[in-house]
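This is the structure I have questions about; it appears just below.
The values are calculated or read from the model by the stated rules, or taken from the named source; none is laboratory data. Please read all numbers here as calculations on a predicted model, not as lab measurements. Here Cβ is always computed from backbone atoms with ideal geometry, including for glycine, and neighbour counts include all displayed protein chains. We work out accessible area using only protein heavy atoms, side chains counted, and drop any ligands, DNA or RNA first. Shrake-Rupley method; radii C 1.70, N 1.55, O 1.52, S 1.80 Å.
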Amino acid sequence: MRSRGSLSHNMRVLIITSCTGEKTSSPANQLTLEDFAQGRAHLAKREKELKDFAQPAGEIYTGQQHVRLMRGIEAVKEDKKLKIDLHILSAGYGMIPADQVVVPYECTFATMKTREMRQWADKLQVPQEFRETVDQKYDFGLVLLGDDYLKACALDAGVKFGGPTLLFCGTGTAKKLHPMKHVRVVEISNPEAKRFSCGLVALKGELATLVLKGVAKDPAVVKHLMDSSFDVLAWLEDQGAHAEAQGAQRKEKRKKPSAGSAAQREQTAPRARGTVNPKVDHVIQIPQSWWDKPHRKKLRYFIPEWDDLVDPDYDFITDQHAGDNCGWGNAVYAHQMYPEPNYDGLLMSRAVAEKSKAKKERINAMGVHRMLRVPREFPIMGDCGAFDYIMEETPPYTTEDVLDYYTRLDFDLGISVDHLIVSATEAQKQFRYDLTINNAEDFLKQHRKAGLKWEPIGAVQGWDPASYARAAEKYVKMGYKYIALGGLVRTTSREILEVVQKVREKVPANVAIHVLGVARLDWMNTFAEAGVQSADSASFLRQAWMRINQSYTSFDGPYAALRIPEAGNSFRAKHMEKHPDLSEDKILKMEQQALSAVRAYGAKTGGMADALESLLEYDQFVTSDRVDMRDAYTRTLSDRPWDKCSCAICQKWGIEVIIFRGNNRNRRRGFHNTYVFYRLLQQVLAGQPVAFLAKEGLKDQLQLSLT
Ligand SMILES: [Zn+2]
């Protein structure tokens, strides 16, 4: 006779979690505590105003605990063993089911004083609603509330739980909880965060995912979970280790002998930061006017992210860091230094995201938006960084692995795994071409099967317009709505145009085209009109330190930066110490003289001749074979472009921005360049004449892309 045990059909799983401060959008007029306090009629009116932002509660929160929990729920959905009943305790709405539609609001129990919290929670009837929610029959329950949210529920020994329930909370709270029937309290704090390689804010979501996967795999485990001799955390660790071992196995299989370069990268990666300065670690707010920028309808500009951060409190006079370096915990991204971002989105390569162990752990714990300190709605595109494995036979990532990576880190757009076709790999041309196409096909199939929400982009490689067009035609048939043309970084603009035109002939208007690594100011409007919808490049950022003569961009054309390398510290300065006529003292003196004369000129307390001569005196020793900088420096000094720039960086740091010296100045200059580029790009796309491009000889130079 067939068994009719309870395990043969759905297990009902009840989950109660906290709302999070981070939400999919945070409009300026979002609800506040006062709106909730003013009663139903007022609330309904305010909700109407915010109706464009309305979403089911299960989808609106983007805090890491919630994001991870939702991933876990998604993951177990497919085999239909568990029927999840998710409830959220919102500090505005009270206890609500995940499918209840809500609008963005800003209030949390975490910041309220005890008495205020008690009064508000009682007004929302939180204790009562919690009791009603758990007093119903279920097979397994999970309570993932934060400490303040638990307090709001005023739990006591009399609360009736309708099934075996795990309650995760901090050690302090655990001590204060009354023993409750059917409830097992699992204490978690910093050591557990470390044990599960996950930030404390995300930990409950992470653990819930492991619990759900474990229970889905073996529903009988539930009865053990309530047994105090059963080590829940060790069991969860096994669930996690199992998944990781599978990942490691896959990785081992793929591994190609390129350990040398990987080890080098590891060495140059930023050191792990023990402490994070809360002053730098916050998500930016973006004004509505930025979202409404018209150029984006024509073309979006993404900037590749390569750990370009600066110390906001760097002391330029003493050349001292406020913390100890430009590490993530002590430094800010370009978009944190301006009232709004100077790009329409960020592009992060997997090779960059996982450059060091510390960085990988951080990005895994935080997700890509939080780590880059942008709101959830800010577009982030992911790719694998094909340049990084250009010489390997096959890409080091599998499609499955990359899909998981984009999903886990919460990317908005993800590019399929491609392999570059360049002259050095001529013999493998067809192999790489086919591999890229096969990967794209696989990528879209698996993306659809898993029902993923982010936008898949098919990477196209080729060697001439016809080969790109042939592949693109296939992608359209596969069903792609977005394709990215790769391998064009070293191609001339005219040839890129031919590629785009040929591809566009085969690709209908509802399919968008991105060009990877190409954002050439003088051609952008032409590309856009030929059918390109987005592009990425960091050339303007990087020319701040890659090209002395075009280091500082202005709206009227580029300027040379004033080179004063740090004596004894920089590559160039070390080189000059070998000069037989120079003592260390003499070098230091020349360096300080150059700095003070340039600063005096910047402050208009010193003359230009003084600044120029002391610069040139120091400069002649920088390298032996260098060109005379007199004309270039004269032009920079007499035009004073830093005074004319209205960007926040030039306004604050003035002439320091145009001194070529160390990351804190050079990257700031790069950020300034990006600010100028973004504005020029908008003018170009609007069909306006741009003085910058009228400069003699500049056009050709700008056609070279530096990425
Ligand atoms: Zn500026």
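So how tilted is helix 662-685 from the main axis of the chain? Cα-based, degrees 0 to 90, rounded to 10.
Taking Cα atoms only, the helix is inclined about 90 degrees.
Quick check on region 451-539: what are the equivalent-ellipsoid semi-axes from the Cα gyration tensor, as sqrt(5λ), descending, whole Å?
20, 15, 12
Just to confirm a number: summing +1 for Lys and Arg and -1 for Asp and Glu over residues other than Ala54 whose beta-carbon lies under 13 angstrom from that of Ala54, what do you get?
Summing Lys and Arg as +1 and Asp and Glu as -1 gives -1.
Next question. So if I take the centroid of the Cα atoms in region 95-109 and the same for region 453-521, what is the distance between those two points in Å?
Centre-to-centre (Cα) distance: 42 Å.
In whole percent, and with a 1.4 Å probe on the protein chains, what portion of the accessible area of region 439-506 is carbon and sulfur?
Using a 1.4 Å probe with all protein chains present, region 439-506 comes out at 47 percent carbon and sulfur.
A further question follows. In the calculated pair distance distribution of region 385-534, what percentage of Cα-Cα distances lie above 28 Å?
15
To continue, here is another question. Could you quote the convex hull projected area for region 84-241, Cα atoms only and averaged over all directions, in nm²?
It is 9.6 nm².
For an R0 of 60 angstrom, estimate the FRET efficiency from the Cβ-Cβ distance between Ser229 and Glu505 and round to the nearest 0.05.
So, using R0 = 60 Å, E works out to roughly 0.30.
To the nearest 20 debye, what charge dipole does the chain have about its Cα centre, counting +1 at the Cβ of each Lys and Arg and -1 at the Cβ of each Asp and Glu?
1540
If I measure Cβ to Cβ between cysteines in the chain, which ones have no partner under 4.7 Å?
Cys19, Cys107, Cys153, Cys169, Cys198, Cys326, Cys384, Cys647
On to the next question. Once every DSSP H run of n ≥ 4 in the chain is given -39500 (n - 2.57) and the sum is divided by its residues, what mean residue ellipticity at 222 nm do you get, rounded to the nearest 500 deg cm²/dmol?
Value at 222 nm, helices only, nearest 500: -13000 deg cm²/dmol.
On alpha-carbon atoms, Rg over Rh for region 309-413 using Kirkwood Rh?
For region 309-413, the value is 1.03.
Continuing with this model, one more query. Please tell me the relative contact order of region 483-615 in percent, rounded to the nearest whole number, where contacts are Cα pairs under 8 Å and at least six residues apart.
Relative contact order comes out at 14 percent.
Continuing with the same structure: Tabulate in residue order the Karplus-calculated ³J(HN,Hα) for region 547-564, using 6.51 cos²θ - 1.76 cosθ + 1.60 with θ = phi - 60°, rounded to whole Hz; enter x for Gly and Pro.
9, 4, 6, 10, 6, 10, 8, 10, 5, 9, x, x, 10, 6, 7, 8, 7, 9
Further question on the same structure: Heavy atoms only, probe 1.4 Å: what % of the accessible area of region 293-376 goes to carbon and sulfur, would you let me know?
53
How much accessible area per residue does the chain have, in Å², with a 1.4 Å probe?
For the chain, the per-residue accessible area is 46 Å².
Once neighbouring chains are kept in place and the probe is 1.4 Å, which whole percent of the accessible area of region 117-206 is contributed by carbon and sulfur?
Carbon with sulfur: 52 percent of the solvent-accessible area.
Let me ask something additional. Just how far, in whole angstrom, is region 124-153 from region 617-693 if you go by their alpha carbon centroids?
58
Moving on. What is the gain in length, in nm to one decimal, between Arg408 and Asp52 on full extension, counting 0.36 nm per residue of separation less the C-alpha to C-alpha distance?
125.5 nm
To the nearest µm²/s, what D does Stokes-Einstein give for region 65-114 at 37 °C and 0.692 mPa s, using the Kirkwood radius over alpha carbon pairs as Rh?
The diffusion coefficient I find is 254 µm²/s.
While we're looking at this one, here's another question. When you have a sec, figure out the Kirkwood radius of region 590-642 from all distinct Cα pair distances and drop it here in Å to one decimal?
For region 590-642, inverting the mean 1/r across all distinct Cα pairs yields 11.2 Å.
Rounded to two decimals, what is Rg over Rh for the chain when you use alpha-carbon atoms and the Kirkwood radius?
1.01
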